[in-house]
Amino acid sequence: MFIKASALAVGTSLVLAVVSLQPALADSYRSEIRQDIREIRQDRAAIRADEARLAREQNEAAAARARVSRDLQHGNIGAAIRDQRIAQHEARDVAAARAKLAADKAELNRDVRELRHDLHKRY
């Protein structure tokens, strides 16, 4: 008899503990969702900045290639060699900007998946 009563008391106290934790768990879920939304907004801002940087780098690379072409047309080999090095540097900058943009897009996708997971877990 004593074992059944103590088991009932433990079970009852466990249920009461879980019920008392529900508001804390709800706040935790809401906090996770708010954090996910904040991260998504930050990722979108980073993507916009990366797209602007990529456009600038592409313009600089195009200008460098145009300088090389102009130098070659005018027979200025020394300037063409120098400008070719600059054009190669600009091409590396464009590749780095593309890689950063791709990484930020992947991070955005990961954060959106986390938000969906948190919403599914909560609701």
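The values are calculated or read from the model by the stated rules, or taken from the named source; none is laboratory data. Quick caveat, the model's predicted, so the values are computed rather than measured. The protein model used for the area step is the full one, side chains on, heavy atoms only, and it has no ligands, DNA or RNA in it. Shrake-Rupley method; radii C 1.70, N 1.55, O 1.52, S 1.80 Å.
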Residues of segment 27-83: accessible area per residue at 1.4 Å, in Å²?
-> 67 Å²
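Computing the accessible area with a 1.4 Å probe over protein heavy atoms, can you report the carbon and sulfur percentage for segment 74-123? Numbers along the way, then the final one.
Working: 1950 of 3550 Å².
Accessible surface attributable to carbon and sulfur in segment 74-123 totals 55 percent.
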